[in-house]
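First the structure, in the form of structure tokens, and then the observations on it.
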Amino acid sequence: MINIVLFGKPGAGKGTQAEFLKEKYNLTHLSTGDIFRFNIKNETELGKLAKTFIDKGDLVPDEVTIKMLESEVDKNQHSKGFLFDGFPRTLAQANALDEFLLSKKQSITATVALEANDEILVQRLLERGKTSGRIDDQDEEKIRNRYQEYNEKTAPLMNYYKNQDKFHAVNGIGTIQEITERLSKVIDNL
Ligand code: AP5
Ligand code: MG
């Protein structure tokens, strides 16, 4: 069983790459952002709560996010492994995930990061905002706030995984196919 954390700044291509990797490695793809958006669309209590944070580009509180993620993992008990996309995003989430997996006699195999320059990514998100309907893609101030949240709360996870010898980075700029190949090379060597 392999469990991969797909890591990267907003717009780095996590969701795009996950679509290919989940097929190639037979993994269950769990994107916390996608799960929140599904709940927002269906106007669930969780969705209403999450929306108040997401629309501003703030992270949703750990407690809510961790509970949701654990319940998604539990829904997929027969999975051959997970591809975590957009989770963990804080040290508390990373600790909770390690403990949760340990309780199932499992662990994170590796964290693979897509690296890219902020300015390129901001442009990508603004471009997507024209058609995505995502409120958090639509103005530059909200997008910049997502980068601030990333820098303050998520970037420290690189050291968390480096200290466990689990951190691998690939260049996230190139064609989608080139990047899939770079990620596959890392995963094949695990
Ligand atoms: P989430 O949905 O995770 O959004 P994000 O990480 O901010 O960014 P994206 O998902 O938009 O980017 P991505 O890296 O998946 O890139 P994509 O493939 O889409 O989170 C949204 C919000 O939910 C958060 O702000 C927070 O409020 C909340 N949330 C989620 N998880 C949470 C957590 N764990 N804790 C607390 N709160 C949480 O690609 C982006 C664009 O680039 C697309 O248009 C794509 O077509 C394009 N693109 C992709 N690859 C390439 C390429 N190689 N070249 C050119 N363009 C490309
Ligand atoms: Mg995504």
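Here is a yes/no grid of residues against (1) within 25 Å of Gln17 (Cα to Cα); (2) more than 10 Å from ligand 1 (Cβ to nearest atom); (3) modelled with pLDDT of 95 or more:
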residue: Lys56; (1), (2), (3): no, no, yes
residue: Thr65; (1), (2), (3): yes, no, yes
residue: Lys75; (1), (2), (3): yes, yes, yes
residue: Ser79; (1), (2), (3): yes, yes, yes
residue: Phe82; (1), (2), (3): yes, yes, yes
residue: Asp85; (1), (2), (3): yes, no, yes
residue: Pro88; (1), (2), (3): yes, no, yes
residue: Leu91; (1), (2), (3): yes, yes, yes
residue: Ser103; (1), (2), (3): no, yes, yes
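May I ask you to list the residues in region 89-119 that are touching a Ser or Thr at 6+ places or on another chain (Cβ under 8 Å) and in contact (Cβ under 8 Å) with a residue 40 or more places away in the chain? Steps first, answer last, please.
Going residue by residue through region 89-119, those that are touching a Ser or Thr at 6+ places or on another chain (Cβ under 8 Å) are 89-90, 93, 98, 101.
Matches in region 89-119: Arg89, Thr90, Leu101.
Would you mind telling me which numbered condition in (1) hydroxyl-bearing (Ser, Thr, Tyr); (2) in a helix (DSSP H, G or I); (3) out of contact with any Phe, Trp or Tyr (no Cβ under 8 Å at 6 or more places or on another chain) Ser107 fails?
Result: Ser107 passes all but (2).
Does any residue in region 37-53 that is over 13 Å from Met68 (Cα atoms) come within less than 6 Å, Cβ to Cβ, of a residue that is open to solvent by less than 100 Å² (accessible area, probe 1.4 Å) and outside any helix (DSSP H, G or I) six or more places away or on a different chain, and which pairs are these?
Hits for this filter: Phe53/Val60.
Failed condition for Glu19, given (1) more than 24 Å from Arg146 (Cα to Cα); (2) within 12 Å of ligand 1 (Cβ to nearest atom); (3) open to solvent by 10 Å² or more (accessible area, probe 1.4 Å), with all others met?
Here Glu19 meets the rest and fails (1).
Name the one entry in Leu27, Leu49, Leu6 that is more than 6 Å from ligand 1 (Cβ to nearest atom) and open to solvent by 30 Å² or more (accessible area, probe 1.4 Å).
Values: Leu27 fails: open to solvent by 30 Å² or more (accessible area, probe 1.4 Å); Leu6 fails: open to solvent by 30 Å² or more (accessible area, probe 1.4 Å).
Going through Leu27, Leu49, Leu6 in turn, just one is more than 6 Å from ligand 1 (Cβ to nearest atom) and open to solvent by 30 Å² or more (accessible area, probe 1.4 Å): Leu49.
The values are calculated or read from the model by the stated rules, or taken from the named source; none is laboratory data. Given the structure is predicted, the values throughout are model-derived calculations rather than measurements. Every residue, glycine among them, receives a Cβ derived from its backbone with ideal geometry; neighbour counts consider all protein chains shown. We work out accessible area using only protein heavy atoms, side chains counted, and drop any ligands, DNA or RNA first. Shrake-Rupley method; radii C 1.70, N 1.55, O 1.52, S 1.80 Å.
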